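Only one structure is covered here, and it is reproduced in the block below.
The values are calculated or read from the model by the stated rules, or taken from the named source; none is laboratory data. Here the structure is a predicted model, which means the values were calculated and not measured. Backbone-built Cβ (ideal geometry, glycine too); neighbour counts: all protein chains shown.
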Amino acid sequence: MIQAVERLVAMRYLRARRQEGFISVIAWFSLLGIALGVATLIIVMAVMNGFRAELLGRILGLNGHISVAANAGQSIPDPDALAQRIRGLAGVVSASPMIEGQVMATANGVSSGALVRGMRAGDLHARQTIASAVKLGRIDAMGDDGLLIGLRMAQRMGVTVGDQITLISPRGNPTPFGTVPRLVSFQVAAVFEVGMFEYDNTYVYMPFQAAQAFFRVPDGATNIEVLLANADQAPFLSDAIWMLDPRTIRVLDWQRTNASFFNALQVERNVMFLILTLIILVAAFNIISSMIMLVKDKGRDIAILRTMGASRGTVMRIFFLAGFSVGAIGTLAGLCLGVAFATNIESIRQWLEGLTGTNLFAAEIYFLSRLPARLDWNEVIQVVLMALGLSVLATLYPSWRAARLDPVEALRYE
């Protein structure tokens, strides 16, 4: 057990005197390195967790957990009947027939590709990710031929609620002179913003019956989007859904559809964790070097303590406490800095953008319109324990060396 005198001597050794200034500088750099390493690791892990959670929430909120489609690019002939059977499976929250197709959207001389989804108004209201993201207009105002478009598409084309957008279908009308693209004008009934660039820039929602007529899928649907009570059950329920009609449908769950994307995020997260851990490791090596120099400088003090009756254990505890204090204080400072920064990272980003006049987080590159961060306290505890563990290991050898110092030899060379 560490005595008060041992703590007093250890803390005294950490305070620099004129002839020990260089040793104290190394100790301060060690403390700063550990603090920055711990803080950076906590911040990066929080941002990576935030990215995954935000992307997963938006992707699943808009696309559903399971997508059911007909084989060979055909349509599902009786989607309501199949959807009713799917809803009867345990764990299924909803099953919504949908028409999906690629189009060219144009307005005010601006044209771009768009993904149209035809859904019933009730199904759109049930999707909280969409219903809660409506910024202008109302979903109920879509009526029979209104559109719900993303905010970035509306801004890019210069349209708002009440304006017209022309959709051009690749499935044209056959004529004696060949196939002519089908052009139909629709009125913008509402504008949404989910905060993910791809969806806000390319997705268009229209009434289900209007989509059936536009894409020429009478009495059918191209997909059935299924939402589950537990997203992790998607692979198991996919097999159960496929068994309902194995000859005519194919089933894809969100894990298979987005596997490469989320695997890439996980790999990046692991690599960042490894790289940032090296910062803490380098700081721990600085503790070793500073403590070895301290032991060498305090050889005469160690010899005097030993001749006064201090045991080797007492000397070891003094230098262990001195070295571990550097690591512990640095870890605590890094913990406070990292948690504070991660909690307020979006406000800090906005302040830096206002200060520098630059866009530090472009939605076109990072998919999201705001910088997310989500603290996982289990990971935070792991980072703190890892930093403390490295500090302990870094202090053991110098402390052992101090305890093994022969007082006679130390006094002889003074």
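Checking Ser238 against (1) at pLDDT below 80; (2) in contact with a strand residue (DSSP E or B) (Cβ under 7 Å, 6 or more places away or on another chain); (3) polar (S, T, N, Q), which test does it fail? Condition not satisfied by Ser238: (1). From the list Ala154, Ala259, Ala231, Ala240, the lone residue that is more than 30 Å from Val93 (Cβ to Cβ) and among the hydrophobic types (A, V, I, L, M, F, W, C) is Ala154.
Within region 38-66, restricting attention to residues that are in contact with a Gly (Cβ under 9 Å, 6 or more places away or on another chain) and under 16 Å from Tyr199 (Cα atoms), which residue is modelled with the highest pLDDT? Top of the filtered list is Glu54. Considering only region 224-246, state which residues are more than 29 Å from the chain's Cα centre (by Cα) and without any contact (Cβ under 8 Å) to a residue 60 or more places away in the chain. Across region 224-246, the qualifying residues are Asp239, Trp242, Met243, Pro246.
One residue is enough: does region 185-196 have a residue meeting the conditions at pLDDT below 85, of a type outside the set (A, V, I, L, M), closer than 30 Å to Val161 by Cα and not in a strand (DSSP E or B)? Checked region 185-196: at least one residue is at pLDDT below 85, of a type outside the set (A, V, I, L, M), closer than 30 Å to Val161 by Cα and not in a strand (DSSP E or B).
Is region 356-367 home to any residue that is at pLDDT 85 or above and either more than 30 Å from Tyr199 (Cα to Cα) or not in a helix (DSSP H, G or I) (or both)? No, there is no match, as no residue in region 356-367 is at pLDDT 85 or above and either more than 30 Å from Tyr199 (Cα to Cα) or not in a helix (DSSP H, G or I) (or both). Among the residues of region 76-110, those that are outside any loop (DSSP other than H, G, I, E, B), touching a residue at least 24 places away in the same chain (Cβ under 8 Å) and not hydrophobic (A, V, I, L, M, F, W, C) comprise Pro79, Arg85, Ser94, Ser96, Pro97, Glu100, Gly101, Gln102, Thr106. Residue count for region 218-258 under the criterion of being crowded, with 21+ Cβ neighbours inside 10 Å and part of a loop (DSSP other than H, G, I, E, B): the result is 1.
Once region 197-217 is narrowed to residues that are in a strand (DSSP E or B) and of a type in the set (A, V, I, L, M, F, W, C), the residue that is surrounded by the fewest Cβ atoms within 10 Å (Cβ to Cβ) is Val204. Against the list (1) at positive phi; (2) at pLDDT below 75, the condition Gly91 fails is (2). Of the residues making up region 148-159, just one is closer than 18 Å to Ala131 by Cα and either surrounded by fewer than 14 Cβ atoms within 10 Å (Cβ to Cβ) or in contact with a Gly (Cβ under 9 Å, 6 or more places away or on another chain) (or both), namely Leu148. A single entry from Ala81, Ala35 fulfils the requirement of being at pLDDT 85 or above and buried (at least 16 other Cβ atoms within 10 Å of the Cβ): Ala35. Scanning region 112-169 for residues being among the hydrophobic types (A, V, I, L, M, F, W, C), in a loop (DSSP other than H, G, I, E, B) and either over 13 Å from Gln187 (Cα atoms) or free of Cβ contacts under 8 Å to residues at least 40 places away in the same chain (or both) gives a total of 2.
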